[in-house]
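The values are calculated or read from the model by the stated rules, or taken from the named source; none is laboratory data. Being a predicted model, the structure only gives us computed values, none of them experimental. Backbone-built Cβ (ideal geometry, glycine too); neighbour counts: all protein chains shown.
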Amino acid sequence: MSSEDELEIIRRKKMLELMKRGVVDRRKTVMPSGVVQLTEANFDEYLGKYPLVIVDFWAEWCMPCKVYAPLFEELAKRYSGRAVFAKVNVDENPSIARRYSIMSIPTTIVFYKGREYERLIGLSPMNMMRLRNIIENLS
């Protein structure tokens, strides 16, 4: 295991400790329900306003993205009020895609307190399970 991996594990443990100590009270923030469309105009606003934002980077022509969309929407319904679920069309918002080095789609990034917490690339059952676990732990 590299030192970067060890640092990442320590960072996540510390982040979870802070959350469990109640550093963030998510109950006071009213979160939008359903899936929100983010653009270059509102992306940073959402990351700054809500503690837990899960963003699906996708494109209209991407078949795996089309398969992933209803699964992502189901998660948004299931965890409504616990996290903000959002989509970014990489073709229409290339500067956001570049900023986060999106090389493959679908890519889902979990943002906690405005910072990237986890990145899941591709469409797989393991990614869906991992995403559910992250939401359960952070919300």
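Within region 39-75, track down each residue that is of a type in the set (A, V, I, L, M), under 12 Å from the mean Cα position of the chain (by Cα) and closer than 15 Å to residue 89 by Cβ.
Within region 39-75, just 55 meets the criteria.
If you check 131, 123, which single one turns out to be in contact with a helix residue (DSSP H, G or I) (Cβ under 6 Å, 6 or more places away or on another chain), under 15 Å from residue 69 (Cα atoms), surrounded by 15 or more Cβ atoms within 10 Å (Cβ to Cβ) and of a type outside the set (S, T, N, Q)?
123
Which members of region 14-37 meet the condition of being outside any loop (DSSP other than H, G, I, E, B) and modelled with pLDDT of 80 or more?
Passing the criteria: 35, 36, 37.
Residues that are closer than 21 Å to residue 34 by Cβ and charged (D, E, K, R): which helices (runs of 4 or more DSSP H) entirely in region 58-139 hold 1 or more of them?
63-78, 125-138
Considering each residue of region 101-135, count those that are more than 13 Å from the chain's Cα centre (by Cα) and under 17 Å from residue 75 (Cα atoms), and give that number.
Count: 6.
Please find, among 41, 59, 83, 69, the residue that is farther than 30 Å from residue 14 by Cα and in contact with a helix residue (DSSP H, G or I) (Cβ under 8 Å, 6 or more places away or on another chain).
Every option except 59 fails the conditions.
Among the residues that make up region 48-57, is at least one of them out of contact with any strand residue (DSSP E or B) (no Cβ under 6 Å at 6 or more places or on another chain), surrounded by fewer than 19 Cβ atoms within 10 Å (Cβ to Cβ) and in a helix (DSSP H, G or I)?
Checked against the condition, which is being out of contact with any strand residue (DSSP E or B) (no Cβ under 6 Å at 6 or more places or on another chain), surrounded by fewer than 19 Cβ atoms within 10 Å (Cβ to Cβ) and in a helix (DSSP H, G or I), region 48-57 yields at least one hit.
Inspect region 125-138 for any residue being within 22 Å of residue 5 (Cβ to Cβ), among the hydrophobic types (A, V, I, L, M, F, W, C), in contact with a Pro (Cβ under 9 Å, 6 or more places away or on another chain) and touching a residue at least 40 places away in the same chain (Cβ under 8 Å) and give the result as yes or no.
yes
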